[in-house]
Amino acid sequence: MKSFLLGAGASIDAGLPGSFGLTRAVADYIDGSSGHFYVRPLLHGVIGAMVQHDTGRGKSAFEGVDVERVFAAVKALKDRDSIDLSAFVETWNRNLDASNGRVSFPGLWARNFKKAMLDTWDHKVEKEFEAGVRAVVQTSNGDLFGQLESAMLDALIHILRADESRVGYFEPMIRSNSLTGIATLNYDLAVEKACHAAGLTVDTGLETWRGGYEWEWATPQADVKLLKLHGSLDYVLGQGDQDGERVPGDRLTNFGEDRQGQLVGGVPAMVFGQGSKLRSDGPFLAMLVEFDRLLSQTEWLTVVGYSFRDDHINAALTRWLNGDRAKRISVIDPSLATWGVSKWDRRGPDYWYYLQRATRAPEPFERHSWTPIESDFLSETAATGLAQLHGS
């Protein structure tokens, strides 16, 4: 039976923080970095405002805030003056405005103000003074939020470094002769390091992508084909020209895990933040097309640590579940024990209940022609669940 692995939270077993712990790790990194001095209070202001918002709606103050939610808020605040919603918001959180860091007067303001003080016309003094006050009061912190966005991405690159000695739990899956491929939503290099430690070859296809929707594998006979659907922390996305191209296109460059945030005219090739993660730039659409193609060859899908909250991934799963090749699906996640098992007990993501419905036989009074597929729902860690399903 041809198998496929979709992984998201599996890297927690490799010692990497989850989405809530990553918020604290990012804040600690930025607090300890001298290069991010001015964005420290801004980050804590964003997190504090979100905690206050959540507690006002009955949540625990100690529950924490998802790092992708924080990042999405930072991006929205960076562009808050240009988004359509700003027309309906009279005032923003003043604590964030107070976190502007250093404010600046207009260029040559000090010289002009001194000159006006020596002038006999009072209106010139008033004009220059008004210009200075307006600059201080109305200074936008959009640039500072942009710096915070870059600082958070820089922190991710340093924090999400998997220890090769702790990724052996992938071995039962990556050694499977029936493995069609692996798709991960993580940015870390845990799967690559697991393959290296096991003496297996791995191909991400990122090195051979040249634009468009075509996805070519550099080494089609590699032991593991790995799709990093949300990008990778060791890749940078920029624009460049190739011979024969009329318009510069997106280009991926691999700077390695130790590039230390040197973006070299590009941005990290990572889809990060809550909300829609379907991006038109870079290789992301091409990888989704290849993801669909590999799923179409798959009979047994193993899902590890995925929250079922990304619409474009759920759409691909729906196409697979409704296809003829779907025979078995296995879901491994410690959270399953808290999600509930029926539509009347919805503590988990909505798609989780559709999935359970798809894997059980219809009730006698229901008019459905489908046959259920085999399923395993394991409330276990990635290490324990993969060992149970695919060997030790």
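Side notes on the structure shown:
- Annotation: amide H of K2 within the under-5 Å range of E299, W300, sequence separation 5 or more or interchain, hydrogens built in the peptide plane.
- Residue order, fewest to most beta carbons within 10 Å, for D143, D234, D376, D324: D324, D143, D376, D234
- In terms of other Cβ atoms within 10 Å, R328, R210 run from fewest to most in the order R210, R328.
- Remark: spin-label model distance V289-K124 equals 6.6 nm, labels positioned 7 Å along the Cα→Cβ axis.
- Extension gain for R175 to D163 (0.36 nm times residue separation, less C-alpha to C-alpha distance): 2.3 nm.
- Cα Rg, Dmax, segment 291-352, angstrom units: 12.3, 35
- The HN-Hα couplings worked out from phi for segment 348-357 by the Karplus form 6.51 cos²θ - 1.76 cosθ + 1.60 (θ = phi - 60°) are x, x, 4, 5, 4, 6, 4, 5, 4, 5 Hz, whole numbers, x standing for Gly and Pro.
- Between R325 and Y38, residue separation times 0.36 nm minus the direct Cα-Cα distance comes to 97.9 nm.
- When the Cα gyration tensor is reduced to axis lengths a ≥ b ≥ c, the ratio a/c is 1.5 or higher for segment 14-85, and with a/b not above b/c it is classed as oblate.
- Bridging of K228 to lysines at a Cα separation below 29 Å is possible for K2, K75, K78, K193, K277, K327, once same-chain residues fewer than 8 apart are set aside.
- Set of lysines near K127 by C-alpha distance (under 24 Å), chain-local residues within fewer than 8 positions excluded: K114, K115
- Residues whose placed amide H lies under 5 Å from that of G7, excluding near-sequence neighbours: A183, T184, L185, V304
Every number in this text was worked out from the coordinates using simple rules, so none of it is lab data. Since this is a predicted model, take the numbers as computed values, not measurements. Cβ coordinates were reconstructed from backbone atoms using ideal geometry, including for glycine residues, and neighbour counts include every protein chain displayed.
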